[in-house]
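The values are calculated or read from the model by the stated rules, or taken from the named source; none is laboratory data. Since the model is a prediction, treat every value here as computed from it, not as a measurement. A quick note on method: Cβ atoms are made from the backbone with ideal geometry, for glycine too, and the neighbour counts reach across all protein chains shown. Heads up: the accessible areas ignore ligands, DNA and RNA and are worked out on the full protein's heavy atoms, side chains in. Shrake-Rupley method; radii C 1.70, N 1.55, O 1.52, S 1.80 Å.
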Amino acid sequence: MKKSNHNITDWLDQYGDPEIDKFVEKNLAITEKVRVAMEAKGWKSQDLAKAMDKTPSEVSKWLSGMHNLTLKSIIKMEQALGICLVHTEPIKQYEYVYLGTIKGTEDYAQKVNDYHESYADQAYEIAL
């Protein structure tokens, strides 16, 4: 019986945890963005630590890619580097699209204004 040379890889394929894989992937992506931003500024990890008022060893641990970064530490890095590390989309309830003006309805805007003005001063009673 021939043994595989990739015992760890085989074990991970069989028993690995997709959550841990995703965690490592996201963590490495964040630390890579930090590394690129630091490189663009000409910073070393000591410079980032100073900007964040942290110890160089703590920042070094964060940048290893294996540390469980907190949202607070990510925001500290964002503030120090002036970048966005985690992008979140706001939830939209409505999206308005301007489709242009309909030709031949020059008095339309005035009619809309008149309508709004006619109801602006009316009091409404709420039925309970």
How large is ³J(HN,Hα) for each residue in the stretch 43-58, as worked out from phi by the Karplus curve 6.51 cos²θ - 1.76 cosθ + 1.60 (θ = phi - 60°), to whole Hz, x for Gly and Pro? 8, 9, 4, 5, 5, 5, 4, 5, 5, 9, 6, 10, 7, x, 5, 5
Residue-level accessible surface for T31, protein heavy atoms, 1.4 Å, Å²: 20 Å²
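Could you list, in their original order, any pairs among K41/K92; K22/K44; K41/K72; K26/K50; K44/K92 whose Cα atoms are separated by more than 32 Å? Let's see the in-between values first.
Working: K41/K92 35 Å; K22/K44 27 Å; K41/K72 22 Å; K26/K50 25 Å; K44/K92 40 Å.
Result: K41/K92; K44/K92 exceed 32 Å.
For an R0 of 35 angstrom, estimate the FRET efficiency from the Cβ-Cβ distance between L71 and N113 and round to the nearest 0.05.
On the way: r = 47 Å, r/R0 = 1.35.
Between L71 and N113 the formula returns 0.15.
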Calculated P(r) of the stretch 1-85 - Cα pairs past 16 Å, %: 58 percent
